[in-house]
Amino acid sequence: MEFDLDRAVCLTGCTASQLRYWMRTGLIDPSSSPEGGGRLSFTFSDLVGLRAVRRMLDAGISLQKVRKTLEYLRENLEVERPLSECLLVTDGSTIFRICEDGSQVIDTLRRGQLVFSLALGEIVEEIRCRLWEIERDREAFLSRLLQTGGDGGALETAV
């Protein structure tokens, strides 16, 4: 399925002048260009990529950073349409690529530098378990203390 410029504008939230500028400067390369009198058209994959650019710009990422990310992805991945084929996330400052298996996060603006990430769910569970152990030990201690009647000699053996 192919979409003309007007429909691409409508579906992506980009302006016609943005799309023309991005094509002219090589940021995007629609699947079908008007060479030799042909009609400009965009595939669904092209539209996904255009919308991704629009979202990054809306998130405060500069066009220069988007270009740098695309340059890195085109040079280092064997994908035809990186903006529609890669999982990208941003913190508003940089653009990260999450690898296929999810085990690596790469900073595209730092030429593929790996990003250290933490699985917070595992950390939360570790702390919950440790708090449960501490509470269990505290209750056991108080129970032993109450059973001995609270005299000092029994306290020393309980501790």
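The values are calculated or read from the model by the stated rules, or taken from the named source; none is laboratory data. Bear in mind the structure is a predicted one, so any value in this text is a computation, not a measurement. Here the Cβ positions follow ideal geometry from the backbone for every residue, glycine too, while neighbour counts run over all protein chains shown. Side chains are part of the model used for accessible areas, which takes the heavy atoms of the whole protein and leaves out ligands, DNA and RNA. Shrake-Rupley method; radii C 1.70, N 1.55, O 1.52, S 1.80 Å.
Would you confirm, using the coordinates I've provided, whether Ser17 is out of contact with any Asp or Glu (no Cβ under 6 Å at 6 or more places or on another chain), open to solvent by 40 Å² or more (accessible area, probe 1.4 Å), over 23 Å from Glu100 (Cβ atoms) and of a type in the set (Ser, Thr, Tyr)? So Ser17 fits the description; yes.
Across the stretch 21-43, the number of residues qualifying as at pLDDT 90 or above and surrounded by fewer than 13 Cβ atoms within 10 Å (Cβ to Cβ) comes to 2. Is it fair to say Arg97 is modelled with pLDDT of 80 or more and open to solvent by 50 Å² or more (accessible area, probe 1.4 Å)? Answer is no for this residue. Only one entry in Ile127, Ile61 is of a type in the set (A, V, I, L, M, F, W, C), open to solvent by 70 Å² or more (accessible area, probe 1.4 Å) and modelled with pLDDT of 85 or more, namely Ile127. Mind checking which residues of the stretch 130-159 are of a type in the set (Asp, Glu), open to solvent by 70 Å² or more (accessible area, probe 1.4 Å) and modelled with pLDDT of 90 or more? Passing the criteria: Glu135, Asp137, Glu139.
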